[in-house]
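One structure is given below, encoded as structure tokens.
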Amino acid sequence: MSNVVVNPYLPKPVIVEKIYIENEAKDLKTFRLSFCNEEDKSSFHYLCGQFAMLSVPGAGESPIGIASSPLDPDYLEFTVKRYPTGVVTTALHGMEEGSRIGVRGPFGNCFPLDEMEGRNVVIIGGGFAMTTLRSTIRYMLNDQNRGRFKNITVVYGARSPGELLYKNELKEWEDRDDMDTYITVDKGDENWKGRVGFVPTVLRQVAPSSENATVLVCGPPIMLKFTMLPLLELGFKPESIITSLERRMSCGIGKCGRCAVGSEYVCKNGPVFSYQRISELSEKLL
Amino acid sequence: MAAHVVRKADLKKFINAVKKKNTFLGPVSRKGDVTLAVVGLDDELVLSYSNFKLPPKTLLFPKNELISTYDDNGMVEVLPSEGEVVIFGIRPCDVLSLLHLDKVFLDEEFVDPYYQERRRNAVVVALACTEPMKTCYCTSVGGSPAGEEGADVLAFDLQDALLFEGCSEKGRAFMKTYADYLQKPTKADLASRNKISSEAPKKITPINVTGLTDKLEEHFESSLWEESAQPCLGCGVCTFTCPTCHCFGLHDEQYGQRGIRMRVHESCMFPSYSLEASGHNPRNANWERMRHRIMHKFHSTVRNFGDIFCVGCGRCIANCPVNLDIRETVAEVLHE
């Protein structure tokens, strides 16, 4: 046993540089964080789909998917939903720019971007589960990466227009001619001129080809459940349908036991799982 | 170093010598129970116990543990600083539980520095069982009343003497350090040692766990779970007294501008354990939590570490307020 151990429980100090309110209900905010120490910044290497523990001294820690792209320089971004009963999320939402918090991680596995090279990519997001998908889209759209992937199709839906995340980026994606973006809402309002309909319905209309394609799908459990059938009908193979799970966690490193799903720990063996793997678990998730 | 003995009359001298160099924990009487605690000046070792009420995991992974402090300047780790601790009297089943915990906390990908520090400093002097309890079934889950696996030193209570056998490098070094207090065993000593190791296992009623892991997977959706968990109060005593249960939570205590972060034992039998901020709880019903506990011990850990995380100590049976018996649950799954 060596004497030098990196303490995985010790958060790295970061400054909350910017806070963006994402939705009308104002319970979704994106926090842009920058490391206080250069060595922490240079040692924090993450991949699309990974998460980190956001550590607010006095409140505790929460596992949050990393929403920035690994190629975004100098900062990390996390989009956090505040729940009235969520101690850490409430504390985070109460913070001002310039506050100091901590980050532990990055933890977990990642989306299989290497295996997706040379393939068509379909990205399906629902509500505020768009965060690590946004990381992935930003990464794939980077000039140095766009050529590695074939067609990129994005289907993203939220309850209402005001609940759509990353509105400026959605506009950019819609304007790009090297990807197809379909934004939808469950219910429109007087200003909404876009698509109205649930994600599974829109997916059926868009009907992306499953030929040489991988689909990344994240959303609330009910959306995931109803998205699997159209995906399978479109011919996507269970091993090419990739999703990301969420569970309560304390450690993030496979010890505290909280995030167990069957014999898997979401923190360590996930959060990214294929539909194939999820179907094999004794616990029926979808 | 081969087997050596200390006559009971000389035991105090030996212990005092150990205490001069190390913290020494042994079986002593506390509040009517025999407890593993720091042996004080006036303490006599009590060797008449079957096993301790609480498992030894708390010595390496305390119930409440300070892991860091913080203030405006950031967070600082607080590593254990107890130094070398000699622990005498852990039963062989509980020693096996430490090997299981090692797999969790010393996993190469993320070494737990707090556990590692205590583990490195622990000299485990196990004490073979002479009188297993009715609730014991160590022999069915890889153990034995006189099993040496995981122990640094294995001791036998020979009535008029204690016999010690070095089982690891650390244990042999320990015996060498105290060689002045150790004598060569007589033939009668060795005979009585062998009698313990051959007789004690016969006093155990074994259980069947053959094929259990696959059966659990097969019968995950069975109605037996809801039925067998019906009396369960969800008190969590089975998990807190289990030597291999290692669930925990991290909690902050704030004092003005500064504070501390604690690691605290948790239980998968509590609804709050898996309750998410959104209100969603993946294991909402009591029976789902009980199923999870059993699955974790006999399925998940087998898949992940190759080991059943049950050492057959029987504490969950002995302490359950409604007499739930894990042996019966296991039998029900196998009969399903």
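The values are calculated or read from the model by the stated rules, or taken from the named source; none is laboratory data. Everything numeric here is computed off the predicted structure, so don't read it as measured data. Positions of Cβ are backbone-derived with ideal geometry, glycine not excepted, and every protein chain shown enters the neighbour counts.
Among the strands (runs of 3 or more DSSP E) confined to region B:1-118, the ones with at least 1 residues that are without any contact (Cβ under 8 Å) to a residue 60 or more places away in the chain and among the polar types (S, T, N, Q) are located at B:23-30, B:33-38.
Looking only at region A:162-176, decide whether some residue is of a type in the set (A, V, I, L, M, F, W, C), under 22 Å from A:C48 (Cα atoms), modelled with pLDDT of 95 or more and touching a Gly at 6+ places or on another chain (Cβ under 9 Å). Within region A:162-176 (the criterion being of a type in the set (A, V, I, L, M, F, W, C), under 22 Å from A:C48 (Cα atoms), modelled with pLDDT of 95 or more and touching a Gly at 6+ places or on another chain (Cβ under 9 Å)), the answer is yes, since at least one residue qualifies.
If I filter region A:72-81 for residues that are within 14 Å of chain B (Cβ to nearest Cβ), of a type outside the set (D, E) and farther than 30 Å from A:L141 by Cβ, do I get at least one hit?
First, pick out the residues of region A:72-81 that are within 14 Å of chain B (Cβ to nearest Cβ): A:80-81.
Narrowing the set further to residues that are of a type outside the set (D, E) leaves A:80-81.
Cutting the leftovers down to farther than 30 Å from A:L141 by Cβ gives us none.
No; the residues of region A:72-81 include none that is within 14 Å of chain B (Cβ to nearest Cβ), of a type outside the set (D, E) and farther than 30 Å from A:L141 by Cβ.
Rundown of residues vs (1) surrounded by 22 or more Cβ atoms within 10 Å (Cβ to Cβ); (2) hydroxyl-bearing (S, T, Y); (3) within 27 Å of B:S300 (Cβ to Cβ); (4) within 9 Å of chain B (Cβ to nearest Cβ), yes/no style:
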site: A:K225; (1), (2), (3), (4): no, no, yes, no
site: A:P230; (1), (2), (3), (4): no, no, no, no
site: A:E246; (1), (2), (3), (4): no, no, yes, yes
site: A:M249; (1), (2), (3), (4): yes, no, yes, no
site: A:I253; (1), (2), (3), (4): yes, no, yes, yes
site: A:G257; (1), (2), (3), (4): yes, no, yes, yes
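A search for C-beta distances below 6 Å between a residue of region B:290-302 that is touching a residue at least 40 places away in the same chain (Cβ under 8 Å) and within 7 Å of chain A (Cβ to nearest Cβ) and any residue that is part of a helix (DSSP H, G or I) and of a type in the set (S, T, N, Q), counting only pairs 6+ apart in sequence or on different chains, returns B:H299/B:T213. In region A:265-281, the qualifying residues are those that are within 14 Å of chain B (Cβ to nearest Cβ) and surrounded by 22 or more Cβ atoms within 10 Å (Cβ to Cβ), and the one that is farthest from A:V87 (Cα to Cα) is A:I278. In region A:147-164, of all residues being part of a loop (DSSP other than H, G, I, E, B) and touching a strand residue (DSSP E or B) at 6+ places or on another chain (Cβ under 6 Å), the one that is nearest to A:E22 (Cα to Cα) corresponds to A:L164.
Does B:T135 satisfy being assigned to a helix (DSSP H, G or I), under 30 Å from B:I317 (Cβ atoms) and in contact with a helix residue (DSSP H, G or I) (Cβ under 7 Å, 6 or more places away or on another chain)?
Details: assigned to a helix (DSSP H, G or I): no; under 30 Å from B:I317 (Cβ atoms): yes; in contact with a helix residue (DSSP H, G or I) (Cβ under 7 Å, 6 or more places away or on another chain): yes.
When the stated conditions are applied, B:T135 does not pass them.
Does B:F156 satisfy the condition of being within 14 Å of chain A (Cβ to nearest Cβ) and either under 24 Å from B:E199 (Cβ atoms) or aromatic (F, W, Y) (or both)? No. Residues that are within 9 Å of chain A (Cβ to nearest Cβ) and either under 13 Å from B:C93 (Cα atoms) or of a type outside the set (D, E) (or both) within region B:116-130 comprise B:Q116, B:R119, B:R120, listed in sequence order.
Please verify whether A:E39 is at pLDDT below 95 and not in a loop (DSSP other than H, G, I, E, B), treating the condition exactly as stated. Let's see the steps before the verdict.
Values: at pLDDT below 95: yes; not in a loop (DSSP other than H, G, I, E, B): yes.
So A:E39 fits the description; yes.
Of the helices (runs of 4 or more DSSP H) lying entirely inside region B:215-303, those carrying at least 1 residues that are surrounded by 14 or more Cβ atoms within 10 Å (Cβ to Cβ), of a type outside the set (D, E, K, R) and touching a strand residue (DSSP E or B) at 6+ places or on another chain (Cβ under 9 Å) are B:237-240, B:271-274, B:286-295.
For A:P84, state whether it is buried (at least 20 other Cβ atoms within 10 Å of the Cβ), within 14 Å of chain B (Cβ to nearest Cβ), at pLDDT below 95 and out of contact with any Cys (no Cβ under 6 Å at 6 or more places or on another chain). The answer is no for A:P84.
Would you point out which residue out of A:L165, A:L141 is surrounded by fewer than 23 Cβ atoms within 10 Å (Cβ to Cβ) and under 19 Å from the mean Cα position of the chain (by Cα)? Talk me through it step by step, then tell me what you get.
Details: A:L165 fails: surrounded by fewer than 23 Cβ atoms within 10 Å (Cβ to Cβ).
From the options A:L165, A:L141, the qualifying one is A:L141.
Among what's in region B:304-336 and is under 22 Å from B:E149 (Cα atoms) and in contact with a Pro (Cβ under 7 Å, 6 or more places away or on another chain), pick the residue that is surrounded by the fewest Cβ atoms within 10 Å (Cβ to Cβ). Step by step, filter region B:304-336, then rank; the result is B:R315. Scanning region A:54-71 for residues that are outside any strand (DSSP E or B), more than 10 Å from chain B (Cβ to nearest Cβ) and not hydroxyl-bearing (S, T, Y) returns A:I66, A:A67, A:P70, A:L71.
Among the residues of region A:220-260, none is identified as under 27 Å from A:V87 (Cβ atoms) and of a type in the set (F, W, Y). The criterion of being buried (at least 20 other Cβ atoms within 10 Å of the Cβ) and in contact with a strand residue (DSSP E or B) (Cβ under 7 Å, 6 or more places away or on another chain) does not hold for B:L47. Within region B:319-329, not a single residue is in contact with a Leu (Cβ under 8 Å, 6 or more places away or on another chain), assigned to a loop (DSSP other than H, G, I, E, B) and modelled with pLDDT under 95. Might you let me know whether region B:131-150 holds any residue that is more than 14 Å from chain A (Cβ to nearest Cβ) and at positive phi? Within region B:131-150 (the criterion being more than 14 Å from chain A (Cβ to nearest Cβ) and at positive phi), the answer is yes, since at least one residue qualifies. The set of residues in region B:59-90 being away from chain A (no Cβ under 14 Å), surrounded by 16 or more Cβ atoms within 10 Å (Cβ to Cβ) and either in contact with a Ser or Thr (Cβ under 8 Å, 6 or more places away or on another chain) or of a type in the set (S, T, Y) (or both) consists of B:V85, B:V86.
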